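The structure under discussion appears below in the form of C-alpha coordinates.
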Amino acid sequence: MLPAKEQLKLLARGVAQIVSEEELLKKLEQSVATNKPLRIKLGVDPTSSDIHLGHTVPLQKLRQFQDLGHTAVLIIGDYTAQIGDPSGRSATRPRLTHDEVLANAKTYQEQVFKILKPEQTEIVFNGDWFSKMSFSDVANMTSKITVARMLERDDFANRYANNQPISILEFIYPLMQATDSVKIEADVELGGTDQIFNILLGRDLQRDAGMEPQIAMCLPLLVGLDGVNKMSKSLKNYIGITEDPNEMYGKTMSLADELMLTYFELVTDIDKAEIDQLKKDLENNKIHPKEAKSKLAMQIVTQYHGKEAAIKAKEEFDNVFKAGGLPEDIPEFSFSEDKIWIVKLLVDCDLVKSNSEARRMIEQGGVKLNNEKIEDGSLDVPIEDGMVLQVGKRKFARIKK
(Lines give C-alpha, C1' and ligand atoms only; values in the text may rest on other atoms or scores of the structure.)
Protein backbone atom coordinates (compact mmCIF):
# COMPACT_ATOMS: atom_id res chain seq x y z
CA MET A 1 0.00 0.00 0.00
CA LEU A 2 1.03 3.59 -0.64
CA PRO A 3 1.53 5.81 2.43
CA ALA A 4 -1.77 7.14 3.75
CA LYS A 5 -1.14 10.79 2.80
CA GLU A 6 -0.30 9.81 -0.78
CA GLN A 7 -3.47 7.73 -0.97
CA LEU A 8 -5.53 10.64 0.33
CA LYS A 9 -4.05 13.01 -2.27
CA LEU A 10 -5.02 10.63 -5.08
CA LEU A 11 -8.46 9.86 -3.69
CA ALA A 12 -9.41 13.51 -3.16
CA ARG A 13 -9.10 14.26 -6.89
CA GLY A 14 -12.46 15.23 -8.37
CA VAL A 15 -14.31 14.86 -5.05
CA ALA A 16 -16.81 17.56 -4.08
CA GLN A 17 -17.01 16.83 -0.33
CA ILE A 18 -15.40 14.54 2.25
CA VAL A 19 -16.80 14.18 5.77
CA SER A 20 -14.28 14.28 7.09
CA GLU A 21 -10.85 14.35 5.44
CA GLU A 22 -9.13 14.09 8.81
CA GLU A 23 -11.12 10.95 9.67
CA LEU A 24 -10.37 9.44 6.27
CA LEU A 25 -6.65 10.00 6.78
CA LYS A 26 -6.85 8.20 10.13
CA LYS A 27 -8.65 5.25 8.55
CA LEU A 28 -6.05 5.09 5.78
CA GLU A 29 -3.20 5.24 8.30
CA GLN A 30 -4.75 2.40 10.30
CA SER A 31 -5.25 0.41 7.10
CA VAL A 32 -1.59 0.82 6.15
CA ALA A 33 -0.40 -0.02 9.68
CA THR A 34 -2.48 -3.22 9.89
CA ASN A 35 -2.31 -4.08 6.16
CA LYS A 36 -6.10 -4.43 6.30
CA PRO A 37 -8.05 -2.99 3.34
CA LEU A 38 -10.88 -0.56 3.95
CA ARG A 39 -14.41 -1.51 2.93
CA ILE A 40 -15.66 1.02 0.39
CA LYS A 41 -19.42 1.03 -0.13
CA LEU A 42 -21.33 2.06 -3.23
CA GLY A 43 -25.04 1.42 -3.45
CA VAL A 44 -26.74 1.22 -6.85
CA ASP A 45 -30.45 0.97 -7.47
CA PRO A 46 -31.06 -0.82 -10.79
CA THR A 47 -34.02 1.34 -11.84
CA SER A 48 -33.04 0.97 -15.52
CA SER A 49 -31.29 -1.72 -17.53
CA ASP A 50 -27.92 -0.14 -18.38
CA ILE A 51 -25.12 1.87 -16.84
CA HIS A 52 -24.28 5.27 -18.32
CA LEU A 53 -21.32 7.61 -17.80
CA GLY A 54 -23.07 9.31 -14.88
CA HIS A 55 -22.97 6.00 -12.99
CA THR A 56 -19.27 5.62 -13.74
CA VAL A 57 -18.22 8.69 -11.71
CA PRO A 58 -18.48 6.86 -8.35
CA LEU A 59 -17.51 3.57 -10.01
CA GLN A 60 -14.22 5.12 -11.22
CA LYS A 61 -13.52 6.33 -7.68
CA LEU A 62 -14.35 2.87 -6.36
CA ARG A 63 -11.83 1.40 -8.82
CA GLN A 64 -9.25 3.92 -7.59
CA PHE A 65 -9.74 2.60 -4.05
CA GLN A 66 -9.25 -0.93 -5.41
CA ASP A 67 -6.01 0.08 -7.15
CA LEU A 68 -4.79 1.26 -3.74
CA GLY A 69 -5.54 -2.16 -2.25
CA HIS A 70 -9.00 -1.65 -0.75
CA THR A 71 -12.20 -3.71 -1.08
CA ALA A 72 -15.21 -2.52 -3.06
CA VAL A 73 -18.58 -3.48 -1.63
CA LEU A 74 -21.25 -2.96 -4.26
CA ILE A 75 -24.76 -3.07 -2.88
CA ILE A 76 -27.41 -3.89 -5.43
CA GLY A 77 -30.52 -2.21 -4.06
CA ASP A 78 -33.12 -4.76 -5.03
CA TYR A 79 -35.29 -3.51 -2.15
CA THR A 80 -34.40 0.20 -2.16
CA ALA A 81 -34.99 0.29 -5.95
CA GLN A 82 -38.59 -0.71 -5.38
CA ILE A 83 -39.04 2.60 -3.55
CA GLY A 84 -36.70 4.76 -5.63
CA ASP A 85 -34.27 7.28 -4.18
CA PRO A 86 -36.15 10.56 -3.55
CA SER A 87 -32.91 12.59 -3.52
CA GLY A 88 -33.21 15.57 -5.83
CA ARG A 89 -36.69 14.55 -6.95
CA SER A 90 -39.64 16.94 -7.17
CA ALA A 91 -42.17 14.10 -7.32
CA THR A 92 -42.61 10.52 -6.14
CA ARG A 93 -40.94 7.98 -8.41
CA PRO A 94 -43.07 5.29 -10.06
CA ARG A 95 -42.60 2.01 -8.22
CA LEU A 96 -40.91 -0.98 -9.83
CA THR A 97 -41.69 -4.62 -9.15
CA HIS A 98 -39.04 -6.88 -7.66
CA ASP A 99 -38.86 -8.86 -10.90
CA GLU A 100 -38.22 -5.67 -12.91
CA VAL A 101 -35.45 -4.68 -10.50
CA LEU A 102 -33.79 -8.11 -10.66
CA ALA A 103 -33.84 -8.06 -14.47
CA ASN A 104 -32.10 -4.66 -14.43
CA ALA A 105 -29.67 -5.87 -11.77
CA LYS A 106 -28.44 -8.64 -14.04
CA THR A 107 -27.11 -6.15 -16.59
CA TYR A 108 -25.65 -3.97 -13.83
CA GLN A 109 -23.63 -6.88 -12.49
CA GLU A 110 -22.26 -7.60 -15.95
CA GLN A 111 -21.42 -4.00 -16.79
CA VAL A 112 -19.74 -2.85 -13.56
CA PHE A 113 -16.79 -5.13 -14.30
CA LYS A 114 -15.92 -2.97 -17.27
CA ILE A 115 -14.57 -0.73 -14.47
CA LEU A 116 -14.17 -2.72 -11.24
CA LYS A 117 -11.77 -5.58 -10.44
CA PRO A 118 -13.87 -8.71 -9.79
CA GLU A 119 -11.32 -10.17 -7.36
CA GLN A 120 -11.58 -7.11 -5.09
CA THR A 121 -15.36 -6.69 -5.33
CA GLU A 122 -18.09 -8.00 -3.06
CA ILE A 123 -21.58 -7.82 -4.54
CA VAL A 124 -24.48 -8.04 -2.11
CA PHE A 125 -28.23 -7.46 -2.42
CA ASN A 126 -29.88 -5.44 0.33
CA GLY A 127 -32.86 -7.74 0.03
CA ASP A 128 -30.65 -10.24 1.88
CA TRP A 129 -31.47 -8.38 5.11
CA PHE A 130 -34.58 -6.34 4.33
CA SER A 131 -36.54 -9.41 3.22
CA LYS A 132 -35.97 -10.95 6.65
CA MET A 133 -37.08 -7.94 8.70
CA SER A 134 -40.13 -8.27 10.92
CA PHE A 135 -42.54 -5.38 11.47
CA SER A 136 -40.83 -4.85 14.83
CA ASP A 137 -37.50 -4.46 13.01
CA VAL A 138 -38.99 -1.88 10.65
CA ALA A 139 -40.55 0.02 13.55
CA ASN A 140 -37.19 0.07 15.32
CA MET A 141 -35.48 1.37 12.16
CA THR A 142 -37.98 4.18 11.65
CA SER A 143 -37.61 5.27 15.29
CA LYS A 144 -34.04 6.38 14.55
CA ILE A 145 -35.03 9.67 12.90
CA THR A 146 -37.64 12.39 13.32
CA VAL A 147 -39.89 13.95 10.70
CA ALA A 148 -38.33 17.33 11.50
CA ARG A 149 -34.87 15.96 10.69
CA MET A 150 -36.15 14.45 7.45
CA LEU A 151 -37.65 17.80 6.41
CA GLU A 152 -34.20 19.41 6.73
CA ARG A 153 -33.54 17.91 3.28
CA ASP A 154 -34.01 20.53 0.59
CA ASP A 155 -35.93 18.23 -1.75
CA PHE A 156 -38.43 17.18 0.93
CA ALA A 157 -38.68 20.72 2.33
CA ASN A 158 -39.41 22.16 -1.11
CA ARG A 159 -42.05 19.55 -1.89
CA TYR A 160 -43.70 20.10 1.51
CA ALA A 161 -43.70 23.89 1.02
CA ASN A 162 -45.25 23.49 -2.44
CA ASN A 163 -47.92 21.06 -1.23
CA GLN A 164 -46.45 18.25 -3.34
CA PRO A 165 -47.03 14.76 -1.95
CA ILE A 166 -44.32 12.92 -0.02
CA SER A 167 -45.02 9.31 0.82
CA ILE A 168 -44.00 7.73 4.12
CA LEU A 169 -42.23 5.14 1.97
CA GLU A 170 -39.91 7.86 0.66
CA PHE A 171 -39.01 8.77 4.24
CA ILE A 172 -37.96 5.17 4.78
CA TYR A 173 -35.50 5.19 1.84
CA PRO A 174 -32.67 7.14 3.59
CA LEU A 175 -33.00 4.82 6.60
CA MET A 176 -32.68 1.78 4.35
CA GLN A 177 -29.55 3.19 2.71
CA ALA A 178 -28.12 3.98 6.14
CA THR A 179 -28.96 0.46 7.37
CA ASP A 180 -26.99 -0.94 4.42
CA SER A 181 -23.88 0.77 5.82
CA VAL A 182 -24.39 -0.91 9.19
CA LYS A 183 -24.96 -4.34 7.65
CA ILE A 184 -21.81 -4.34 5.51
CA GLU A 185 -19.67 -2.41 8.06
CA ALA A 186 -18.67 0.29 5.58
CA ASP A 187 -15.55 2.37 6.22
CA VAL A 188 -16.30 4.79 3.37
CA GLU A 189 -19.48 5.39 1.37
CA LEU A 190 -19.37 6.91 -2.10
CA GLY A 191 -22.22 8.81 -3.70
CA GLY A 192 -23.21 11.93 -5.60
CA THR A 193 -23.54 15.31 -3.92
CA ASP A 194 -27.29 14.67 -3.73
CA GLN A 195 -26.57 11.72 -1.42
CA ILE A 196 -24.98 13.63 1.47
CA PHE A 197 -28.04 13.43 3.75
CA ASN A 198 -28.41 9.67 3.28
CA ILE A 199 -24.70 9.00 3.77
CA LEU A 200 -24.49 11.12 6.93
CA LEU A 201 -27.51 9.26 8.27
CA GLY A 202 -25.47 6.09 7.76
CA ARG A 203 -22.83 7.56 10.08
CA ASP A 204 -25.53 8.15 12.71
CA LEU A 205 -26.85 4.60 12.51
CA GLN A 206 -23.35 3.15 12.69
CA ARG A 207 -22.61 5.17 15.85
CA ASP A 208 -25.94 3.95 17.28
CA ALA A 209 -24.78 0.38 16.56
CA GLY A 210 -21.47 0.98 18.36
CA MET A 211 -19.46 1.16 15.15
CA GLU A 212 -16.90 3.67 13.93
CA PRO A 213 -18.77 5.94 11.50
CA GLN A 214 -18.13 5.72 7.79
CA ILE A 215 -16.54 8.51 5.77
CA ALA A 216 -18.87 10.34 3.40
CA MET A 217 -17.22 10.90 0.03
CA CYS A 218 -19.47 12.81 -2.36
CA LEU A 219 -18.70 13.25 -6.03
CA PRO A 220 -20.08 15.85 -8.46
CA LEU A 221 -23.16 14.93 -10.46
CA LEU A 222 -22.35 14.53 -14.14
CA VAL A 223 -24.30 16.96 -16.30
CA GLY A 224 -25.83 15.23 -19.31
CA LEU A 225 -25.66 16.01 -23.01
CA ASP A 226 -28.34 18.69 -22.71
CA GLY A 227 -25.84 20.75 -20.69
CA VAL A 228 -28.39 21.40 -17.94
CA ASN A 229 -29.66 18.32 -16.13
CA LYS A 230 -27.99 15.42 -14.35
CA MET A 231 -27.27 12.61 -16.82
CA SER A 232 -30.31 10.37 -16.95
CA LYS A 233 -31.82 7.75 -19.24
CA SER A 234 -35.29 9.17 -18.63
CA LEU A 235 -34.11 12.56 -19.94
CA LYS A 236 -32.32 10.92 -22.89
CA ASN A 237 -29.21 13.02 -22.21
CA TYR A 238 -26.92 10.08 -21.52
CA ILE A 239 -24.01 8.12 -22.98
CA GLY A 240 -24.34 4.41 -22.19
CA ILE A 241 -21.14 2.46 -21.58
CA THR A 242 -22.33 -0.42 -23.78
CA GLU A 243 -23.51 1.78 -26.64
CA ASP A 244 -22.12 1.30 -30.14
CA PRO A 245 -18.67 2.97 -30.45
CA ASN A 246 -19.90 5.24 -33.26
CA GLU A 247 -22.87 6.38 -31.18
CA MET A 248 -20.67 6.89 -28.13
CA TYR A 249 -18.13 8.92 -30.11
CA GLY A 250 -20.81 11.00 -31.83
CA LYS A 251 -22.66 11.75 -28.59
CA THR A 252 -19.43 12.89 -26.94
CA MET A 253 -18.71 15.21 -29.86
CA SER A 254 -22.13 16.84 -29.30
CA LEU A 255 -21.12 17.81 -25.76
CA ALA A 256 -20.97 21.54 -24.93
CA ASP A 257 -17.39 22.86 -24.97
CA GLU A 258 -17.63 24.13 -21.39
CA LEU A 259 -18.33 20.60 -20.09
CA MET A 260 -15.28 18.98 -21.70
CA LEU A 261 -12.80 19.42 -18.86
CA THR A 262 -15.34 18.19 -16.31
CA TYR A 263 -15.82 15.02 -18.36
CA PHE A 264 -12.05 14.56 -18.67
CA GLU A 265 -11.76 14.72 -14.89
CA LEU A 266 -14.81 12.70 -13.89
CA VAL A 267 -15.17 9.93 -16.48
CA THR A 268 -11.65 9.28 -17.81
CA ASP A 269 -8.49 7.97 -16.21
CA ILE A 270 -6.26 10.59 -17.84
CA ASP A 271 -3.60 11.97 -15.50
CA LYS A 272 -4.46 15.26 -13.76
CA ALA A 273 -1.28 16.93 -15.03
CA GLU A 274 -2.32 16.16 -18.61
CA ILE A 275 -5.79 17.61 -17.99
CA ASP A 276 -4.27 20.76 -16.46
CA GLN A 277 -2.05 21.17 -19.53
CA LEU A 278 -5.05 20.67 -21.81
CA LYS A 279 -6.89 23.41 -19.91
CA LYS A 280 -3.97 25.82 -20.43
CA ASP A 281 -3.76 24.96 -24.12
CA LEU A 282 -7.47 25.66 -24.55
CA GLU A 283 -7.19 28.97 -22.70
CA ASN A 284 -4.20 29.99 -24.85
CA ASN A 285 -5.85 28.83 -28.10
CA LYS A 286 -3.08 26.28 -28.68
CA ILE A 287 -5.69 23.60 -29.29
CA HIS A 288 -9.15 23.94 -30.85
CA PRO A 289 -12.09 22.81 -28.66
CA LYS A 290 -13.13 20.30 -31.36
CA GLU A 291 -9.68 18.70 -31.24
CA ALA A 292 -9.85 18.48 -27.45
CA LYS A 293 -13.36 17.02 -27.67
CA SER A 294 -12.14 14.43 -30.18
CA LYS A 295 -9.45 13.46 -27.67
CA LEU A 296 -12.16 13.07 -25.03
CA ALA A 297 -14.35 10.98 -27.34
CA MET A 298 -11.39 8.77 -28.27
CA GLN A 299 -10.56 8.25 -24.60
CA ILE A 300 -14.12 7.32 -23.63
CA VAL A 301 -14.60 4.88 -26.52
CA THR A 302 -11.16 3.35 -25.85
CA GLN A 303 -12.01 2.74 -22.19
CA TYR A 304 -15.12 0.71 -23.04
CA HIS A 305 -14.45 -0.70 -26.53
CA GLY A 306 -10.68 -0.57 -27.12
CA LYS A 307 -8.32 1.58 -29.18
CA GLU A 308 -9.15 0.02 -32.55
CA ALA A 309 -12.88 0.69 -32.13
CA ALA A 310 -12.12 4.28 -31.10
CA ILE A 311 -10.00 4.87 -34.22
CA LYS A 312 -12.76 3.47 -36.46
CA ALA A 313 -15.40 5.60 -34.70
CA LYS A 314 -13.30 8.73 -35.26
CA GLU A 315 -12.82 7.88 -38.95
CA GLU A 316 -16.54 7.28 -39.33
CA PHE A 317 -17.39 10.57 -37.63
CA ASP A 318 -14.90 12.52 -39.73
CA ASN A 319 -16.25 10.94 -42.91
CA VAL A 320 -19.87 11.77 -42.10
CA PHE A 321 -19.53 15.15 -40.44
CA LYS A 322 -16.39 16.65 -41.96
CA ALA A 323 -16.35 15.20 -45.46
CA GLY A 324 -20.14 15.05 -45.83
CA GLY A 325 -20.03 11.32 -46.56
CA LEU A 326 -22.02 8.38 -45.27
CA PRO A 327 -21.19 5.77 -42.64
CA GLU A 328 -19.59 2.60 -43.96
CA ASP A 329 -22.04 0.18 -42.32
CA ILE A 330 -25.56 1.48 -42.86
CA PRO A 331 -28.33 -0.94 -41.80
CA GLU A 332 -30.38 -2.12 -44.78
CA PHE A 333 -34.17 -2.61 -44.84
CA SER A 334 -36.13 -4.25 -47.63
CA PHE A 335 -39.61 -3.19 -48.75
CA SER A 336 -41.89 -4.67 -51.40
CA GLU A 337 -44.28 -1.69 -51.56
CA ASP A 338 -44.09 0.89 -54.33
CA LYS A 339 -44.86 3.67 -51.86
CA ILE A 340 -44.89 3.97 -48.08
CA TRP A 341 -45.90 6.70 -45.63
CA ILE A 342 -42.78 8.51 -44.40
CA VAL A 343 -43.79 8.11 -40.75
CA LYS A 344 -44.23 4.34 -41.14
CA LEU A 345 -40.95 4.14 -43.06
CA LEU A 346 -39.06 5.80 -40.20
CA VAL A 347 -40.57 3.42 -37.64
CA ASP A 348 -40.03 0.31 -39.79
CA CYS A 349 -36.37 1.26 -40.30
CA ASP A 350 -35.88 1.49 -36.49
CA LEU A 351 -34.87 5.16 -36.81
CA VAL A 352 -37.56 6.24 -34.33
CA LYS A 353 -39.57 4.37 -31.72
CA SER A 354 -43.05 5.68 -32.51
CA ASN A 355 -45.21 7.55 -35.00
CA SER A 356 -45.30 10.57 -32.70
CA GLU A 357 -41.50 10.67 -32.51
CA ALA A 358 -41.32 10.41 -36.32
CA ARG A 359 -43.70 13.35 -36.74
CA ARG A 360 -41.76 15.37 -34.19
CA MET A 361 -38.44 14.74 -35.94
CA ILE A 362 -39.96 15.80 -39.29
CA GLU A 363 -41.39 18.99 -37.74
CA GLN A 364 -37.97 19.77 -36.26
CA GLY A 365 -36.26 19.34 -39.63
CA GLY A 366 -34.34 16.29 -38.49
CA VAL A 367 -35.30 13.89 -41.31
CA LYS A 368 -33.55 13.63 -44.67
CA LEU A 369 -34.05 11.37 -47.68
CA ASN A 370 -31.02 11.16 -50.00
CA ASN A 371 -29.71 14.26 -48.18
CA GLU A 372 -32.91 16.24 -48.92
CA LYS A 373 -34.88 17.48 -45.91
CA ILE A 374 -38.37 16.03 -45.48
CA GLU A 375 -40.87 18.66 -44.34
CA ASP A 376 -44.24 16.96 -45.00
CA GLY A 377 -45.30 14.39 -42.41
CA SER A 378 -48.07 13.09 -44.68
CA LEU A 379 -45.70 12.30 -47.57
CA ASP A 380 -45.92 8.92 -49.31
CA VAL A 381 -42.36 8.01 -50.30
CA PRO A 382 -41.78 6.15 -53.62
CA ILE A 383 -39.53 3.19 -52.75
CA GLU A 384 -36.29 3.22 -54.76
CA ASP A 385 -33.46 0.74 -54.37
CA GLY A 386 -30.46 2.21 -52.52
CA MET A 387 -31.98 5.42 -51.21
CA VAL A 388 -30.72 6.56 -47.81
CA LEU A 389 -32.94 7.78 -44.97
CA GLN A 390 -31.40 9.84 -42.17
CA VAL A 391 -32.68 10.98 -38.76
CA GLY A 392 -30.64 13.52 -36.84
CA LYS A 393 -26.90 13.44 -37.30
CA ARG A 394 -26.08 9.81 -36.55
CA LYS A 395 -28.97 7.54 -37.59
CA PHE A 396 -29.06 6.13 -41.13
CA ALA A 397 -30.94 3.42 -43.03
CA ARG A 398 -30.52 2.18 -46.60
CA ILE A 399 -33.68 1.10 -48.42
CA LYS A 400 -33.62 -2.02 -50.56
CA LYS A 401 -36.38 -3.05 -52.99
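The values are calculated or read from the model by the stated rules, or taken from the named source; none is laboratory data. Nothing here was measured: the structure is a model prediction, and the numbers come from that model. Cβ atoms come from the backbone with ideal geometry, glycine included; neighbour counts cover every protein chain shown.
Look through the stretch 324-351, keep the residues that are in a strand (DSSP E or B) and hydrophobic (A, V, I, L, M, F, W, C), and return whichever of them is surrounded by the fewest Cβ atoms within 10 Å (Cβ to Cβ).
Among those that are in a strand (DSSP E or B) and hydrophobic (A, V, I, L, M, F, W, C), it is F333.
From the list L116, L74, which residue is surrounded by 14 or more Cβ atoms within 10 Å (Cβ to Cβ), more than 30 Å from S167 (Cα to Cα) and modelled with pLDDT of 90 or more?
L116
If we scan the stretch 30-38, do we find a residue that is buried (at least 19 other Cβ atoms within 10 Å of the Cβ) and in a helix (DSSP H, G or I)?
yes
Testing E308 on (1) among the acidic types (D, E); (2) modelled with pLDDT of 90 or more; (3) not assigned by TED's automatic domain parsing to the domain that holds L259, one condition comes back false. Which one is that?
(3)
Scan the helices (runs of 4 or more DSSP H) fully inside the stretch 211-297 and keep the ones with 3 or more residues being in contact with a helix residue (DSSP H, G or I) (Cβ under 8 Å, 6 or more places away or on another chain) and touching a residue at least 40 places away in the same chain (Cβ under 8 Å).
Answer list for the stretch 211-297: 245-253, 260-267.
Which ones in the stretch 352-401 are touching a residue at least 24 places away in the same chain (Cβ under 8 Å), of a type in the set (D, E, K, R), exposed (fewer than 15 other Cβ atoms within 10 Å of the Cβ) and part of a strand (DSSP E or B)?
D380, K400 - these are the residues of the stretch 352-401 that are touching a residue at least 24 places away in the same chain (Cβ under 8 Å), of a type in the set (D, E, K, R), exposed (fewer than 15 other Cβ atoms within 10 Å of the Cβ) and part of a strand (DSSP E or B).
Which one is farthest from the chain's Cα centre (by Cα), of the residues in the stretch 236-273 that are farther than 19 Å from P58 by Cβ and hydrophobic (A, V, I, L, M, F, W, C)?
Going through the qualifying residues, I end up with A273.
Could you list, in sequence order, all residues of the stretch 214-229 that are under 25 Å from A178 (Cβ atoms) and crowded, with 18+ Cβ neighbours inside 10 Å? It would help to see each step written out before you state the result.
Narrowing the stretch 214-229 to residues under 25 Å from A178 (Cβ atoms): 214-222.
Of everything in the stretch 214-229, those that are under 25 Å from A178 (Cβ atoms) and crowded, with 18+ Cβ neighbours inside 10 Å turn out to be Q214, I215, A216, M217, C218, L219, L221, L222.
Residues of the stretch 123-152 being in contact (Cβ under 8 Å) with a residue 60 or more places away in the chain and either surrounded by 17 or more Cβ atoms within 10 Å (Cβ to Cβ) or closer than 23 Å to Q66 by Cβ (or both), which ones?
Correct list: V124, N126.
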